[in-house]
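Notes follow once the structure below has been shown.
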Amino acid sequence: DAKTTQPPSMDCAEGRAANLPCNHSTISGNEYVYWYRQIHSQGPQYIIHGLKNNETNEMASLIITEDRKSSTLILPHATLRDTAVYYCIVRGGMRFGAGTRLTVKP
Amino acid sequence: KAGVTQTPRYLIKTRGQQVTLSCSPISGHRSVSWYQQTPGQGLQFLFEYFSETQRNKGNFPGRFSGRQFSNSRSEMNVSTLELGDSALYLCASSNRDRGSTTGKLFFGSGTQLSVL
């Protein structure tokens, strides 16, 4: 079953770019990579997803390596409100993992 | 468009009791998934229902069960509650098609269950 690996925590200075890595070396060829974030004890919120090409939306950018074994979520100008737990998932949400706790500091 | 609604928001039960949690998905979504979240284990997938049929199941004991109705509303039931069942239970709906694992998940605010 597809599994993701993320660092447990990261810090970022306010206004700087936050780069959150994810390893998904067992991803299948037709599986998308999805990113969500969870603030406090609210339900996770969708951020972005991609298959093989890099993607960008109003919230973030997603860079997927050519072999699709890893990806990086980029928050271009992190704010204090971006402090949250970020989850990288594959396989339709059946394996969320522990995520990365991002702390944005002033 | 209304989001995913979970009821109740908070629940307190005692060991040995059973509990039923409810989830109303976004209108038009036929896929509903359930998750258990605890501080030590993170988000754990319980099961997914699509058009009243369970199509995926996580690694939880048989005390955890669910169902989905024809209007896509879903319930999950936990019987013979244990202290370790204390957790935030989250429900998510998706407009994914039958047989597909793609599609955004839209989460509710969850039900916080405390077992005493």
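Every number in this text was worked out from the coordinates using simple rules, so none of it is lab data. Since the structure is predicted, the reported quantities are computational estimates derived from the model, not experimental observations. Cβ placement follows ideal geometry from the backbone for every residue including glycine, while neighbour counts extend to all protein chains displayed.
Near B:ARG63, once Lys and Arg are set to +1 and Asp and Glu to -1 for all other residues with Cβ below 10 Å from its Cβ, the sum equals -2.
The slack between A:MET59 and A:THR79, meaning 0.36 nm per residue of separation minus the straight C-alpha distance, is 6.0 nm. FRET efficiency for the pair A:ALA17 and B:THR5, taken as 1/(1 + (r/R0)^6) with r the Cβ-Cβ distance and R0 = 22 Å, rounds to 0.05. Placing R0 at 22 angstrom, the Cβ-Cβ distance between B:GLN54 and B:LYS104 gives a FRET efficiency of 0.55 after rounding to 0.05. The label-point distance for B:ASN95 and A:MET10, in a model that sets each label 7 Å from Cα toward Cβ, rounds to 3.0 nm. With springs connecting C-alpha atoms under 10 Å apart, model chain A as a Gaussian network and identify which of A:ASN54, A:ASN30, A:ASN19 has the largest mean-square fluctuation. Among A:ASN54, A:ASN30, A:ASN19, the largest mean-square fluctuation in the Gaussian network model of chain A belongs to A:ASN30. One chain, two ends: B:THR38 and B:ILE12. Fully extended at 0.36 nm per residue, the span grows by 7.8 nm beyond their Cα-Cα distance. Each of A:GLY97, B:LEU81, A:SER71 was scored by the projection of its Cα onto the charge dipole of the protein assembly as shown, and the greatest displacement toward the positive side belongs to B:LEU81; charges sit on the C-beta of Lys, Arg, Asp and Glu. With contacts taken as Cα pairs under 8 Å and at least 6 residues apart, chain B reaches a relative contact order of 36 percent.
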